[in-house]
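Asker: The structure is given below, and queries will be raised subsequently.
Computed from the coordinates by the stated procedures, all read-outs in this text should not be read as laboratory data. Computed from a predicted structure; not experimentally measured. For neighbour counting, all protein chains shown are included, and Cβ atoms are generated from backbone atoms with ideal geometry for every residue, glycine included.
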Amino acid sequence: MLDLLKSIPDNHLILQGEITITTKRIRFQSDNVFLEGLLYIPDGEGGFPAVVVCHPHPLYGGSMENKVITSVCEALETNSIMALKFNFRCVGN
C-alpha cells in the first residue's frame, strides 16, 4: 500500500502523557484528484498490521479531524497497528 502513497515531508509527534504518537501527513491519488491523509506509525520494526479508518459522511460535518476517528487511530497506533485516516473528496484541502 505504501508504494501508492505520495508522501509529504511533514512528521508529527503527539505527546499524550507518557505516550508518543508518530504521524506522517500524506497525499495519494484517486482518479484525477489527490486526497490528504494522516498515517499513524507505531514504534519499532515494520511489518505492522494496518487499518484504514473512514470519517462520518461530509454532509453531516465529517472529516478526518473528527475526534472519534482521531481517538481510534491513536488507540490503534499505541497497540502497534498502523492506521490511516483521510479526507474524502471535497473535504479538507
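Asker: Take residue 79 and residue 32, extend 7 Å from each Cα along the Cα→Cβ direction, and tell me the distance between the two endpoints in nm.
Answerer: 4.2
Asker: Name the long-range amide H neighbours of residue 55: under 5 Å, sequence gap of 5 or more, or other chain; modelled H, no Pro or chain starts.
Answerer: 86
Asker: Spelling out what I want: for every residue of the stretch 33-38, take phi, set θ = phi - 60°, compute 6.51 cos²θ - 1.76 cosθ + 1.60 (Karplus), and round to whole Hz; glycine and proline get x.
Answerer: Once θ is set to phi - 60°, the couplings for the stretch 33-38 become 10, 9, 9, 9, x, 9 Hz.
Asker: Now for a different question. Based on the alpha-carbon gyration tensor of the stretch 29-82 and its eigenvalue square roots a ≥ b ≥ c, which shape applies: rounded if a/c is under 1.5, prolate if not and a/b is larger than b/c, or oblate?
Answerer: oblate
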